[in-house]
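Student: Dropping the structure in here first, questions after.
The values are calculated or read from the model by the stated rules, or taken from the named source; none is laboratory data. All of these numbers come straight from a predicted model, not from anything done at the bench. Here the Cβ positions follow ideal geometry from the backbone for every residue, glycine too, while neighbour counts run over all protein chains shown. With ligands, DNA and RNA removed, areas are computed over all heavy atoms of the protein, side chains included. Shrake-Rupley method; radii C 1.70, N 1.55, O 1.52, S 1.80 Å.
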Amino acid sequence: MTPVHQTQIPIKRALLSVYDKAGLAELAAALHGAGAELVSTGSTAKTLEAAGLPVTRVEDLTGFPECLDGRVKTLHPRVHAGLLADTANLDHNTQLTDLGIEPFQLLVSNLYPFEQTVAAGATPPEIIEQIDIGGPAMVRAAAKNHGSVAVVTSTDQYAGVVKALANGGFSEPERRRLAAAAYAHTAAYDAAVASWFAASYAPDEVAAETGWPNLIAQVWTRADALRYGENPHQQAALYKSGSKSGSAGTDRGFEQSADGTDPGIANAEVLHGKAMSYNNYVDADSARRAAYDFAQPCVAIIKHSNPCGIAVGANIAAAHAKALACDPLSAYGGVVAANSAVTDAMAEQIIDGFAEVVIAPDFDPAAIQILTGRWKNIRLLRCAPPPWGATTVAGETRDRSITSSFDFRPVSGGMLAQTWDRIDAPGDDPAGWELKTGTTAGAATLADLAFAWRACRAVKSNAILLAAGGASVGVGMGQVNRVDSARLAVARAGNRAAGSVAASDAFFPFPDGFEILAEAGVRAVVEPGGSIRDDGVIAAAQAAGVTLYFTGVRHFYH
């Protein structure tokens, strides 16, 4: 017989089996008050009994005790037949009667915290114990049978259950929406488990040979619909990785915290201002990346994903003033990122110009008042720093999730993946640099070179950055040859080029780009080296009396 889905189904019998007990007692009390029978498992049943609610334990329903340390409790026909019976189908109803099984109208289940356990650094045996079996089986069963059963997988949905009780049950459209959310929940959960197995626990021979797993799985959940994309004719949305109920993922490579949340830009708290745009998010991510390459107070001002100023200072206001001085014309309307709390002094400097977005780990209350009092639409984002910040130890791997280990970029028909470019290679430490010509840099010069080298990483390739006093003074970015990048950096620096130092994100393929810097009065340069024409560049530096260091590491940023 062809089943006919029912519109409103009163909740007479509910199965509750949850790891997260938040709001459970209140929900169960509402169900009991509406006359629903409560059936439950293990610790969920104990919670309900402790709240003084009548509950039928699953082992009493099945006649079979929980066993294997709770691994087997709901995997039984008296549970799954009650969830899978289409009560609009007369044959199903007849079979239920013959078997003495009562159907359920509601399942409330959330899953073991697998990804949170991984993120907390648990051992493989501990992680494996957090792979839920019975929960996903029940959730998928109820979701398949949403014509007869409503399935709730998140505490955020509990208010909807109470509302449905007052309305005589969930409607068919409501049950469909809950089923869709349930399958998204189990998909995210399975993706996390599959990715962990593929990358961390049981890599196959191909992965062992290459270092890359055959499978990378991730689920993205829409968090917001944006006004438009890069241009007004493009549609856009913000997606966050994972789900909110036990299977949260990571955002573009930022490591999860122990509770499964992600400190990335997608989860930044908007303290003030109008909605973020697509371009705002892109620039904010670039700005945050730049600012957090430094341990000292640092500010990066970004336009179109490139820094128009980046600097460190004795405090965050001093760093901002130095960053702004690099290119105040371009900085107008840019995105400002700070790696420490925005103070009132920094806020006063910002309102002398204009910023679209200010992003920081925190804001002093006075700073918020100053900024919002001057610009009603300015976007203020509070965002936690990435866990590695500027203190990552070379070779240390802190990422626990497969998606936090790689930087992804979609291409037509597929996806590129790479490990993250971090400033933690031996060549990123000035102690490991090789002096190729000129006098050994003094402490102040070496500090400026180290700053320029770190700051240059935030500039789109080909990149040349001039610096003095812990601040950029000229930036040449995104040119198709290094000569033009050098010319642009010198032109933007003007008379500040003389006496500055410079960093190049990759080697000079010919001496000409280097010679432009030397002619402008740059006194020291740091670059990766590695060109077949390095000898020509070294000779040019020697002729000009410029100190030249090679790092042996490149930092392209495309």
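Student: Largest first, how would Tyr281, Tyr189 line up by accessible area (1.4 Å probe)?
Tutor: Descending accessible area places them as Tyr281, Tyr189.
Student: How large is Rg/Rh for region 473-533, to two decimals, with Cα atoms and a Kirkwood Rh?
Tutor: 0.93
Student: Would you mind computing, in nm to one decimal, how far apart the modelled labels at Ala295 and Asp512 are, each placed 7 Å from Cα along Cα→Cβ?
Tutor: Computed distance between label sites Ala295 and Asp512 equals 4.1 nm.
Student: For an R0 of 30 angstrom, estimate the FRET efficiency from the Cβ-Cβ distance between Thr439 and Asn315 and round to the nearest 0.05.
Tutor: For Thr439 and Asn315, the calculated efficiency is 0.40.
Student: In nm, what is the difference between 0.36 nm times the number of residues separating Leu68 and Ala431 and their Cα-Cα distance?
Tutor: Working it through step by step, the gained length comes to 125.0 nm.
Student: What is the sum of charges, Lys and Arg at +1 and Asp and Glu at -1, for the other residues whose Cβ falls under 11 Å from the Cβ of Ile351?
Tutor: Around Ile351, the charge tally is -2.
Student: Let me ask you something else. Listed highest first by mean packing, meaning other Cβ atoms within 10 Å per residue, what order do 428-434, 103-109, 37-43 come in?
Tutor: Averaged packing, sorted descending, gives the order 103-109, 37-43, 428-434.
Student: Give me the one-decimal nm value for the distance between modelled label points at Glu269 and Glu172, 7 Å along each residue's Cα-to-Cβ direction.
Tutor: 4.4 nm
Student: Also: Going by Cα centres, region 497-524 and region 34-101 are how many Å apart?
Tutor: Rounded to whole Å, the Cα centres lie 75 Å apart.
Student: Let me ask something else. If you take Cα extents along the principal axes in Å from the coordinates, which of (i) 73, 59, 42; (ii) 65, 64, 46; (iii) 98, 58, 44 do you get?
Tutor: It is the one labelled (iii).
Student: Still on this model: Fully extended, how many nm does the chain gain between Ile532 and Asn481 (0.36 nm per residue separation, minus their Cα-Cα distance)?
Tutor: 16.7 nm
Student: Let me know the shape class of region 344-387, please: from the alpha-carbon gyration tensor, a ≥ b ≥ c as square roots of the eigenvalues, rounded when a/c is under 1.5, otherwise prolate if a/b is greater than b/c, or oblate.
Tutor: Taking the square roots of the gyration eigenvalues as a ≥ b ≥ c, region 344-387 is prolate.
Student: What is region 407-449 by shape, rounded, prolate or oblate, if you read a ≥ b ≥ c off the alpha carbon gyration tensor as root eigenvalues and call it rounded for a/c under 1.5, prolate for a/b larger than b/c, and oblate otherwise?
Tutor: Prolate shape, in that a/c is at least 1.5 and a/b is the bigger ratio.
Student: Okay, moving on. Shape verdict for region 90-179, please, from the Cα gyration tensor: rounded (a/c under 1.5), prolate (a/b greater than b/c) or oblate.
Tutor: It is oblate, given that a/c is not under 1.5 and a/b is not larger than b/c.
Student: Another question, then. Return the aspartates and glutamates within reach of Lys303: Cα separation strictly under 14 angstrom, same-chain partners fewer than 8 residues apart disregarded; answer none if there are no such residues.
Tutor: Glu230, Asp283, Asp285, Asp327, Glu356
Student: Can you grab the distance from the C-alpha centre of region 428-460 to the C-alpha centre of region 121-139, Å, no decimals?
Tutor: 48 Å
Student: Report the antiparallel proportion of the DSSP beta bridges in the chain as a percent, rounded to a multiple of 5.
Tutor: Beta bridges within the chain, antiparallel portion: roughly 60 percent.
Student: Within the chain, which whole H helices from DSSP have a Cα span along their axis of at least 18 Å and a mean Kyte-Doolittle hydropathy of 0.0 or more, if any?
Tutor: Qualifying helices, which must be both long enough and hydrophobic enough, are 443-456.
Student: Report relative contact order for the chain in percent, whole number only (criteria: Cα-Cα under 8 Å, sequence separation at least 6).
Tutor: Contact order relative to length: 9 percent.
Student: Sorted by mean Cβ packing within 10 Å, highest first, what order do the peptides 23-31, 356-364 take?
Tutor: 356-364, 23-31
Student: Still on this structure, please answer the following. Quick check: the distance between the Cα centres of region 290-334 and region 465-495, to the nearest angstrom?
Tutor: The distance from the Cα centre of region 290-334 to that of region 465-495 comes to 15 Å.
Student: Hey, rough spin-label estimate for Ala120 and Arg222, points 7 angstrom out along Cα→Cβ, what's it come to in nanometres?
Tutor: 3.4 nm
Student: Report, to one decimal in Å, the Kirkwood hydrodynamic radius for region 411-514 based on all distinct Cα pairs.
Tutor: The Cα-based Kirkwood calculation yields 14.7 Å.
Student: Where does the charge balance sit around Ala520 when Lys and Arg score +1, Asp and Glu -1, over other residues with C-beta under 12 Å from its C-beta?
Tutor: Here the charged neighbours net out to +2.
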